[in-house]
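Visitor: I have a structure I would like to understand better, so I am pasting it below and will then ask my questions one at a time.
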Number of protein chains: 2
Amino acid sequence: MAQVRNKQVLLKDYVTGFPKESDMNIVESTITLKLPQGSNDVLLKNLYLSCDPYMRNLMNRPEGPPNSRAYTPGSPLIGYGVSKVLESGHPDYKEGDLVWGFTKWEEYSLLPSAQILFKIEHTDVPLTYYTGILGMPGVTAYAGLFEVGSLQKGENVFVSAASGAVGQLVGQFAKLNGCYVVGSAGSKEKVDLLTNKFGFDGGFNYKEEPDLDAALKRHFPEGIDVYFENVGGKTLDAVLLNMRVRGRIPVCGMISQYNLTQHEGVTNLAQIIYKRIRLQGFNFMDFVHLYPKFLEFLLPNIREGKVVYVEDIAEGLENGPSALVGLFSGRNVGKQVLVVSHE
Amino acid sequence: MAQVRNKQVLLKDYVTGFPKESDMNIVESTITLKLPQGSNDVLLKNLYLSCDPYMRNLMNRPEGPPNSRAYTPGSPLIGYGVSKVLESGHPDYKEGDLVWGFTKWEEYSLLPSAQILFKIEHTDVPLTYYTGILGMPGVTAYAGLFEVGSLQKGENVFVSAASGAVGQLVGQFAKLNGCYVVGSAGSKEKVDLLTNKFGFDGGFNYKEEPDLDAALKRHFPEGIDVYFENVGGKTLDAVLLNMRVRGRIPVCGMISQYNLTQHEGVTNLAQIIYKRIRLQGFNFMDFVHLYPKFLEFLLPNIREGKVVYVEDIAEGLENGPSALVGLFSGRNVGKQVLVVSHE
């Protein structure tokens with residue numbers, strides 16, 4: 001039977017503070033490219049891996065009851081990816097299928113059939129899109145805005161980490177819905193993308209604003225209806241002062257807090273009462289059922305160029321640790337993708 | 001025309017920090033007990049006034065755009081009360097009607113007819129109840145639990161300020177719904193009320209718990225489904241660590257923060273993402289339409305003794321400032337009512 005090299009990215013040990021490249025190992029083992037007799041599993045060749053901020057949380061030492069999603073030191077990272085089916089013991093998948101879903105940070109993965117994998121039916125768009133605009137980040141932007149955020153036409157929308165994997169879509173989806181949209185990001189290059197590439201009404205570099213409250217008041221003199229929360233901390237605190245009555249804050253992430261051993265205190269929560277604000281955490285897994293409706297909405301918009309997507313592509317599994325760590329210093333411009341193999 | 005004395009409680013000036021009795025004045029003016037010709041107003045004799053924590057916020061110097069509800073220095077406080085109609089230029093009210101709604105802290109009030117007043121139809125229960133269990137606090141407990149909190153049978157409920165005007169009802173309504181209920185309060189006497197009088201499953205004195213997280217873990221080993229938030233600050237921070245996945249936090253008040261010039265920082269908000277928690281501010285005015293349904297639910301329960309209500313009664317308008325200020329040191333046991341006149 002064919003034994004092939006299987007390069008992997010392993011977590012060395014639980015992480016405290018900012019993750020470093022040295023928190024991960026690149027190792028090479030071998031794998032037999034053949035399913036065991038009678039197996040229901042699926043054997044995948046991984047093509048593209050998704051680098052996402054939530055992965056940082058899975059590097060923490062689990063507290064309290066076991067968290068089945070937390071990474072295990074000595075084992076490969078797990079995350080969303082696009083893969084090709086090499087062999088399948090599961091009736092839903094067959095050799096040659098392209099799929100996206102949870103896979104491991106390695107060249108080849110043997111996944112239990114219980115794992116949710118989405119078959120990729122549309123290949124006239126870049127396959128990498130299934131790690132981003134057509135994958136978890138896309139559904140997250142869509143569900144967060146329209147379901148959790150109950151977005152109405154013409155409302156005022158603010159999004160942080162606005163050029164990121166989710167943020168760039170939040171803004172574009174809101175614009176398609178006739179909203180006024182402003183985003184914040186961490187460099188001039190990124191802020192320029194917001195207005196020049198994604199069609200936002202405005203944007204600002206939060207690192208150059210001495211007073212975030214003043215920056216928000218400048219862009220939202222009449223207040224914010226929906227704040228799509230990706231960062232937490234000081235930005236959330238300033239936003240709370242600028243929300244409108246019955247405003248909604250879908251909480252997708254708080255990347256500014258993930259690497260802090262002591263999180264920043266948010267002091268303006270009483271605004272939640274004064275303005276009857278709804279703050280709601282959510283994740284993609286609660287909205288998987290929307291995927292067909294989401295594709296129906298988005299694919300035509302992509303094909304007509306009405307929604308665009310900026311990706312930051314790193315080549316080679318050995319560059320995975322660097323690409324992942326870069327998310328937390330904001331080095332990536334757009335969705336960070338890691339190429340394992342182009343086919 | 002009859003000129004009578006009209007004792008009033010006025011706000012002296014905007015308040016910073018804890019309110020003091022000396023922040024208010026007792027003055028006596030005179031009022032003509034006769035509506036002007038052609039007036040649509042309603043002339044009321046005030047009987048019972050409600051002392052509520054939100055009133056503290058109306059004593060702040062208004063920031064930004066004018067807040068029409070903020071108190072005006074030199075004018076009487078405004079709040080919920082039970083009153084008798086002396087004369088009415090409005091077709092919905094007639095002499096002798098008993099009503100509850102917003103009125104002023106004075107013996108007699110001339111209110112514009114646009115003001116929402118609820119006619120009191122059921123007088124087999126104590127009239128003071130319309131400042132509490134059958135008034136704004138009652139609807140707040142009901143709407144907060146069932147509408148904002150989406151309470152399901154058998155869930156685990158935690159409520160802070162649990163012996164207060166709203167808290168004692170939150171616990172009893174949740175028990176009627178087959179829930180497990182624990183409350184926190186600020187004295188042994190109040191905690192004893194929770195289990196002995198209101199039928200809670202447990203309670204603790206937050207002032208005697210060195211570690212609120214540990215206290216919550218003791219009472220909720222499997223976590224909290226609904227936290228009815230009345231206090232904010234450290235309690236909210238500890239609760240966030242103990243919420244269950246898809247938990248709800250209806251935010252009714254944050255009394256621990258109202259008197260602080262710098263609010264406490266809440267550091268555990270990332271739990272909102274990890275557990276997909278919904279935190280939602282609300283107030284009575286958004287749920288006025290539920291009042292008939294609420295009465296239908298509650299009146300039989302009161303008559304059958306299945307829901308009880310503890311009131312703390314202060315006699316005389318001149319004792320209003322002391323009664324109101326006492327809320328913020330937790331001096332009141334149960335709903336704080338101020339008697340202006342018994343008839």
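The values are calculated or read from the model by the stated rules, or taken from the named source; none is laboratory data. On a predicted model such as this, the values are computed, not experimentally measured, just so you know. All Cβ positions, even for glycine, are placed from backbone atoms using ideal geometry, and neighbour counts span all protein chains on display. These accessible areas exclude ligands, DNA and RNA; they are computed on the full protein's heavy atoms, side chains included. Shrake-Rupley method; radii C 1.70, N 1.55, O 1.52, S 1.80 Å.
Visitor: Answer yes or no as to whether A:Gln257 is open to solvent by less than 10 Å² (accessible area, probe 1.4 Å), part of a loop (DSSP other than H, G, I, E, B) and either facing another protein chain (nearest Cβ under 9 Å) or in contact with a helix residue (DSSP H, G or I) (Cβ under 7 Å, 6 or more places away or on another chain) (or both).
Guide: yes
Visitor: Checking B:Thr123 against (1) open to solvent by less than 10 Å² (accessible area, probe 1.4 Å); (2) hydroxyl-bearing (Ser, Thr, Tyr); (3) in a loop (DSSP other than H, G, I, E, B), which test does it fail?
Guide: Exception for B:Thr123: condition (1).
Visitor: Would you point out which residue out of B:Val245, B:Val239 is aliphatic (A, V, I, L, M), open to solvent by 20 Å² or more (accessible area, probe 1.4 Å) and not in a loop (DSSP other than H, G, I, E, B)?
Guide: B:Val245
Visitor: So, B:Glu318, is that one among the charged types (D, E, K, R), in contact (Cβ under 8 Å) with a residue 60 or more places away in the chain and crowded, with 18+ Cβ neighbours inside 10 Å or not?
Guide: No; evaluated as a whole, the condition is false for this residue.
Visitor: Can you name the number of the only condition in (1) under 20 Å from B:Ala238 (Cβ atoms); (2) part of a loop (DSSP other than H, G, I, E, B) that B:Val182 fails?
Guide: Checking B:Val182 against (1) under 20 Å from B:Ala238 (Cβ atoms); (2) part of a loop (DSSP other than H, G, I, E, B), the one that fails is (2).
Visitor: Among (1) farther than 23 Å from A:Ser329 by Cα; (2) within 17 Å of the chain's Cα centre (by Cα); (3) open to solvent by 30 Å² or more (accessible area, probe 1.4 Å), there is one condition A:Tyr142 misses while meeting the rest; what is its number?
Guide: (3)
Visitor: Can I ask one more? Does B:Glu264 fit the bill of being over 21 Å from A:Ile255 (Cβ atoms), over 19 Å from the mean Cα position of the chain (by Cα) and within 11 Å of another protein chain (Cβ to nearest Cβ)?
Guide: Considered against the rule, which asks whether it is over 21 Å from A:Ile255 (Cβ atoms), over 19 Å from the mean Cα position of the chain (by Cα) and within 11 Å of another protein chain (Cβ to nearest Cβ), B:Glu264 comes out as yes.
Visitor: Out of all the residues in the stretch A:141-165, which are closer than 16 Å to A:Ile224 by Cα, charged (D, E, K, R) and touching a residue at least 60 places away in the same chain (Cβ under 8 Å)?
Guide: A:Glu155
Visitor: Considering A:Asn332, A:Asn259, which residue is closer than 14 Å to A:Cys51 by Cβ and touching a residue at least 60 places away in the same chain (Cβ under 8 Å)?
Guide: Within the list A:Asn332, A:Asn259, the selection yields A:Asn332.
Visitor: How many residues are farther than 21 Å from B:Gly164 by Cα and facing chain A (nearest Cβ under 7 Å) if we restrict to the stretch B:280-298?
Guide: Number satisfying all stated conditions: 1.
Visitor: If you don't mind, there's one more thing I want to ask. Determine whether B:Leu269 is in contact with a strand residue (DSSP E or B) (Cβ under 7 Å, 6 or more places away or on another chain) and either within 10 Å of chain A (Cβ to nearest Cβ) or at pLDDT below 95 (or both).
Guide: Yes: the conditions hold for B:Leu269.
Visitor: Here is a list: A:Tyr309, A:Tyr291. Which entry is assigned to a loop (DSSP other than H, G, I, E, B) and open to solvent by 10 Å² or more (accessible area, probe 1.4 Å)?
Guide: Answer to the check: A:Tyr309.
Visitor: Also: What about B:Val125, is it out of contact with any strand residue (DSSP E or B) (no Cβ under 8 Å at 6 or more places or on another chain), assigned by TED's automatic domain parsing to the domain that holds B:Val27 and at pLDDT 95 or above?
Guide: Yes, satisfied.
Visitor: Could you say which residue among B:Asn40, B:Asn60, B:Asn25 is open to solvent by less than 60 Å² (accessible area, probe 1.4 Å), in contact (Cβ under 8 Å) with a residue 40 or more places away in the chain and of a type outside the set (Val, Ile, Thr)?
Guide: Just a single option satisfies the conditions, and that option is B:Asn60.
Visitor: Do we have A:Gly203 as part of a loop (DSSP other than H, G, I, E, B) and within 24 Å of the chain's Cα centre (by Cα) here?
Guide: Spelling it out, it is not the case that A:Gly203 is part of a loop (DSSP other than H, G, I, E, B) and within 24 Å of the chain's Cα centre (by Cα).
Visitor: Which one is modelled with the lowest pLDDT, of the residues in the stretch A:82-92 that are within 27 Å of the chain's Cα centre (by Cα), open to solvent by 30 Å² or more (accessible area, probe 1.4 Å) and not basic (Lys, Arg)?
Guide: A:Asp92
Visitor: Right, another one. So which pairs qualify, if the first residue must be in the stretch B:288-308 and among the aromatic types (Phe, Trp, Tyr), the second must be part of a helix (DSSP H, G or I), the Cβ gap must be under 6 Å, and the two must be at least 6 apart or on different chains?
Guide: Note: pairs meeting the criteria are B:Phe294/B:Val139; B:Phe294/B:Tyr142.
Visitor: Here are some conditions: (1) more than 14 Å from every other protein chain (Cβ to nearest Cβ); (2) surrounded by 16 or more Cβ atoms within 10 Å (Cβ to Cβ); (3) acidic (Asp, Glu). A:Asp192 meets all but one. Which one does it not meet?
Guide: Of everything listed in (1) more than 14 Å from every other protein chain (Cβ to nearest Cβ); (2) surrounded by 16 or more Cβ atoms within 10 Å (Cβ to Cβ); (3) acidic (Asp, Glu), A:Asp192 misses just condition (2).
Condition check ((1) under 19 Å from B:Val251 (Cβ atoms); (2) under 21 Å from the mean Cα position of the chain (by Cα)) across all residues:
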position	(1), (2)
B:Ala174	yes, yes
B:Gly183	yes, yes
B:Ser187	no, yes
B:Lys190	no, yes
B:Glu208	no, no
B:Asp211	no, no
B:Ala215	no, no
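Visitor: Counting just the residues of the stretch B:63-81 that are small (Gly, Ala, Ser) and either within 19 Å of B:Ile255 (Cα to Cα) or at pLDDT below 90 (or both), which one comes out most open to solvent (accessible area, probe 1.4 Å)?
Guide: Ranking the candidates gives B:Ser68 first.
Visitor: Still on this structure: Can you tell me which residues in the stretch B:99-109 are of a type in the set (A, V, I, L, M, F, W, C) and either over 28 Å from B:Ile26 (Cβ atoms) or buried (at least 19 other Cβ atoms within 10 Å of the Cβ) (or both)?
Guide: B:Val99, B:Trp100, B:Trp105
Visitor: Tell me which residues, restricted to the stretch B:225-238, are more than 10 Å from every other protein chain (Cβ to nearest Cβ), farther than 16 Å from A:Ile273 by Cβ and out of contact with any Lys or Arg (no Cβ under 6 Å at 6 or more places or on another chain).
Guide: Those that are more than 10 Å from every other protein chain (Cβ to nearest Cβ), farther than 16 Å from A:Ile273 by Cβ and out of contact with any Lys or Arg (no Cβ under 6 Å at 6 or more places or on another chain): B:Lys234, B:Ala238.
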